[in-house]
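Written out below as structure tokens is the structure these notes cover.
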Amino acid sequence: MVAPIVEHSSEVVVIGAGQAGLSSAYFLRRFGFEPVVLDAAEGPGGAWRHRSPSLTMDKVHGVFDLPGVPRTPGSDGGRPAAEAVPAYYAGYEREIGLDVVRPAKVTAVGHLDAGRLLVESDAGRWAARAVVNATGTWTRPYWPYHPGAADFAGRQLHYAGYRGPAEFAGRRVVVVGGGASAMHVLSEIAGVAAATAWVTRRPPVFRDDDFGEEARREAVAMVEERVRAGLPPQSVVGVTGLTYSVVVREALAKGALDRLPMFGRIVADGVVWDDGTYVAADTIVWATGFRSALDHLAPLKLREPGGGIRVDGTQVIREPRLQLVGYGPSASTTGANRAGRTAARNVRNLLTALPLRPAA
């Protein structure tokens, strides 16, 4: 078998330059490494580059500060998150002197030799002693199968394609999903659309406490249990429930949160429940979340019988040279920075314990 041509080498390659990837790079440099960071996008900002222009910073529920260079509190206000966060990330890369290689879409990660992994991208190939994968979820919107979906005569879109309320004027809209994305859509289209219906599989849980740091850690720990067992990760938001955020309060004020259970099937002009209840619709918005973008890791054969990748913290059990950040418990702003620190520490420990061996 002919060995692949490898144009570059690095002790550590980080794949992705969103919050988790930048956090990992920051802590790797603190530990004395100079990682190569590959990012598929044209510019900084990670998934935030693609969010709806109607999602302003005062509507965002989460913490976006990156390690070492915090944002100026209250500086962005009503600015679209798709502008404010990429601007912050771009400034962060400049501030810490991180030269991200972009656009560089990674197509595969596999074994190169006994001591290194091969990272293949459309910008070249890298040999790396360790890889930190931080590719997130935005590029893999989840569309659940539902009977009759192919027969629907109206428009169906995922939240990933949502761009604000104007295009829903006069429409009859069913919004499916119980998380922050559904709240964002309902808070904006209610009163603009002719009618809205909110549908979820399970009754939503609203929290009226401040959901402090200890509660966040407990929520993350619950997701960690699943990935340690090799099961597909559950979203952190699914564990935490919904707080009375700006968008939730707006949706409540507009009377848009009269939740309905999941319908039985989709018909040409609406949705129908098993008891015969019918709601007319010409638009369905699937605010049903995302799945981890990990197809490029398939050559490593990491999947467990349960369908997930077994991870201890951020370290993949089947391949200790690989760290997963932005996966499972760190697939949220709550856990991303902590995961970056953990991944960097794991890389340091691994590479200290395994001196570099010459390539075969």
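The values are calculated or read from the model by the stated rules, or taken from the named source; none is laboratory data. Everything quoted here is computed from the prediction, not taken from an experiment. Cβ placement follows ideal geometry from the backbone for every residue including glycine, while neighbour counts extend to all protein chains displayed.
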Considering only residues that are over 25 Å from V185 (Cβ atoms) and acidic (D, E), look in the stretch 267-296 and name the one that is surrounded by the fewest Cβ atoms within 10 Å (Cβ to Cβ). D275
Picked from the stretch 48-59 (must be closer than 18 Å to A90 by Cβ and out of contact with any strand residue (DSSP E or B) (no Cβ under 9 Å at 6 or more places or on another chain)), the residue surrounded by the fewest Cβ atoms within 10 Å (Cβ to Cβ) is H50
Regarding the stretch 16-30, can at least one residue be identified that is in contact (Cβ under 8 Å) with a residue 12 or more places away in the chain, under 19 Å from V325 (Cα atoms) and surrounded by fewer than 19 Cβ atoms within 10 Å (Cβ to Cβ)? yes
Output the number of residues of the stretch 314-360 satisfying the condition of being of a type in the set (K, R) and modelled with pLDDT under 70. 1
Select from the stretch 256-293 the residues that are among the β-branched types (V, I, T) and assigned to a loop (DSSP other than H, G, I, E, B) and list them in ascending order. T277, T288
Hand me the list of strands (runs of 3 or more DSSP E) wholly inside the stretch 124-180 holding 3 or more residues that are in contact with a Cys (Cβ under 9 Å, 6 or more places away or on another chain), of a type in the set (V, I, T) and farther than 23 Å from I309 by Cβ. none
Determine whether A82 is under 21 Å from the mean Cα position of the chain (by Cα) and in a strand (DSSP E or B). no
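The rows are residues; the columns are (1) loosely packed, with under 14 Cβ neighbours inside 10 Å; (2) in the same structural domain as G21 (by TED's automatic domain parsing); (3) touching a strand residue (DSSP E or B) at 6+ places or on another chain (Cβ under 8 Å).
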{"position": "I96", "(1), (2), (3)": "no, yes, yes"}
{"position": "A114", "(1), (2), (3)": "yes, yes, no"}
{"position": "S121", "(1), (2), (3)": "no, yes, yes"}
{"position": "R129", "(1), (2), (3)": "no, yes, yes"}
{"position": "G154", "(1), (2), (3)": "no, no, yes"}
{"position": "A180", "(1), (2), (3)": "no, no, yes"}
Could you tell me which of the residues E214, E188 is acidic (D, E) and modelled with pLDDT of 95 or more? E188
When the stretch 297-309 is checked residue by residue, the ones that are surrounded by fewer than 20 Cβ atoms within 10 Å (Cβ to Cβ) and either in a helix (DSSP H, G or I) or not acidic (D, E) (or both) are A298, P299, K301, R303, P305, G306, G307
Any residue that is closer than 23 Å to A153 by Cα, touching a Lys or Arg at 6+ places or on another chain (Cβ under 9 Å) and without any contact (Cβ under 8 Å) to a residue 40 or more places away in the chain - is there at least one of those in the stretch 273-280? yes
Residues that are in the same structural domain as L322 (by TED's automatic domain parsing) and within 15 Å of T342 (Cα to Cα): does the stretch 33-53 have at least one? yes
